[in-house]
Amino acid sequence: MNKLNQKIPEEWSFLEFNKIATLRKNKYTPTIDEHLKCLELEHFEKGTGCLNGYIDSAQQSSTKNVFKSGDVLFGKLRPYLKKFNRPNFDGVCSTEIWVLNGLNTCKNSYLYLLIQTNKFSNICNVATGTHMPRADWNFVESIPFLLPPLAEQEKIAEILSVWDEAIEKLSGLIEQKKLLKKGLMQKLLTGKTRLSGFTQPWKTVKLGEIGKTYTGLSGKNSSDFGSGFPFITYMNIYLNNQIKNDQFEFVNIKENENQNAVKYGDIFFTTSSETPDEVGFASVLLFNPEVNTYLNSFCFGFRLNDFETLLPEFASFYFRSEDVRKIMLKLAQGATRFNLSKNELMKEKITIPSDITEQKAIADILQSCDLEIEKLKTKLDLLKLQKKGLMQQLLTGKIRVKVDK
């Protein structure tokens, strides 16, 4: 038994993290004459180890960290987001990213697995700062981790690389499907591409003439009310173009508050945020709640007069289109916090298909894209779960691998 009162496999050992890995501290000051691949935190997909691009270092002005091909990168800012990667190219990255290298006790391929474990994540989440928490190297470096011999490390990494390759391939396919959907939305929701059989001209309508707005609750979140009725949160709306019945929190509404209960076809808009990019995101309720359901105060509702002018299923995609997002950015007012005025939005005009069956046909196509993407995401979640389970077995020595002599 060791000092952590844990039985360890034969030939394995516990080592403090600073005896396993070191931080690469080389810095780089960007110049307009040198073009290096530069990684920022937004280029890292959460929890997958995949990258969604990079930028040219010549476009940057702040100091960067230097990394080499095969180094292990881990986002220290808001470490709970689990942003990590092991690039196969040289480059530079944000100073909010740790550049890690295994010492002679640890292969980089195994170190890359180690920083993906729940233990490493939990340790990094003992962070400094509250508004923008950061992993604390002085704390992390002193924590011991279980480590197999080098040959076994290589074999474990080789086995798990199969899952990494599958996850990366499927993540890439999902991104391709998202781009395809984005292209279809730009064509179909603007009338640039018409579906076969539809020739009737589109019409322009003023939002304030086809529906009315209503406010959300007076409290900011569910804790202001206690438990009770279903409550649609800000994040429900911001993250999804359609509200689903498994996304609710619960609040207690007093009878004399006379709050507005939501209904099928209602369109919700985010109205307040620290950045203009988050203002005016829309989500549509596409079912009738069985009990009274309410909206939070950082959003407002828009109830259509009827569904003969604008179909809710079409609206769930239309109000997320690039053209509408441009309108929202224009209307977002503020300096340190940005807000969307209901009255100003109601003055805006939108151009939509006159034929409601054309709206339905467009919505059906885009909905099929969503279903395909959701199926792929389910497969991706399963792969990540399989990898997580296998890592738990292999990185603790519960399952041993055969090493070639």
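Things to note:
- Residue within the range 366-373 that is modelled with pLDDT of 95 or more and in a loop (DSSP other than H, G, I, E, B) present: no
- So Ala261, is it under 18 Å from Phe231 (Cα atoms), aliphatic (A, V, I, L, M) and crowded, with 18+ Cβ neighbours inside 10 Å: no
- Output for the range 74-116, where each listed residue is of a type in the set (S, T, N, Q), over 19 Å from Leu395 (Cα atoms) and touching a helix residue (DSSP H, G or I) at 6+ places or on another chain (Cβ under 7 Å): Ser94
- Residue selected from the range 7-37 under the condition out of contact with any strand residue (DSSP E or B) (no Cβ under 9 Å at 6 or more places or on another chain) and β-branched (Val, Ile, Thr), by the criterion surrounded by the most Cβ atoms within 10 Å (Cβ to Cβ): Thr31
- Scope the range 369-395; condition surrounded by 16 or more Cβ atoms within 10 Å (Cβ to Cβ) and within 30 Å of Glu10 (Cβ to Cβ); matching residues: Lys387, Leu390, Met391, Leu394, Leu395
- When Phe268 is tested against (1) buried (at least 18 other Cβ atoms within 10 Å of the Cβ); (2) at pLDDT 85 or above; (3) out of contact with any helix residue (DSSP H, G or I) (no Cβ under 7 Å at 6 or more places or on another chain), just one condition goes unmet, and that condition is (3).
- Filtering the range 84-108 to residues that are touching a Gly at 6+ places or on another chain (Cβ under 6 Å) and surrounded by fewer than 21 Cβ atoms within 10 Å (Cβ to Cβ) leaves only Asn108.
- Residue in the range 343-358 that is hydrophobic (A, V, I, L, M, F, W, C), within 18 Å of Asn240 (Cβ to Cβ) and in a helix (DSSP H, G or I) present: no
- Filtered residues of the range 38-50 (kept if under 17 Å from Phe67 (Cβ atoms) and crowded, with 18+ Cβ neighbours inside 10 Å): Cys38, Leu39, His43, Phe44, Gly49, Cys50
Conditions (1) basic (Lys, Arg); (2) crowded, with 22+ Cβ neighbours inside 10 Å; (3) in contact with a His (Cβ under 8 Å, 6 or more places away or on another chain); (4) without any contact (Cβ under 8 Å) to a residue 24 or more places away in the chain, marked per residue:
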residue	(1), (2), (3), (4)
Ser62	no, no, no, no
Lys82	yes, no, no, no
Tyr110	no, yes, no, no
Leu114	no, yes, no, no
Glu141	no, no, no, no
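- Selection from the range 377-402 of residues that are touching a residue at least 24 places away in the same chain (Cβ under 8 Å) and either small (Gly, Ala, Ser) or closer than 21 Å to Ser316 by Cα (or both): Lys377, Gly397
- For the range 375-405, a tally of residues being farther than 19 Å from Glu165 by Cβ and modelled with pLDDT under 95 returns 11.
- Positions within the range 338-368 being surrounded by 18 or more Cβ atoms within 10 Å (Cβ to Cβ) and within 30 Å of Cys50 (Cα to Cα), in sequence order: Leu366
- Test: residue in the range 290-311 that is in a loop (DSSP other than H, G, I, E, B) and basic (Lys, Arg): no
The values are calculated or read from the model by the stated rules, or taken from the named source; none is laboratory data. Please read all numbers here as calculations on a predicted model, not as lab measurements. Note that each Cβ is placed from the backbone with ideal geometry, even for glycine, and that neighbours are counted across all protein chains shown.
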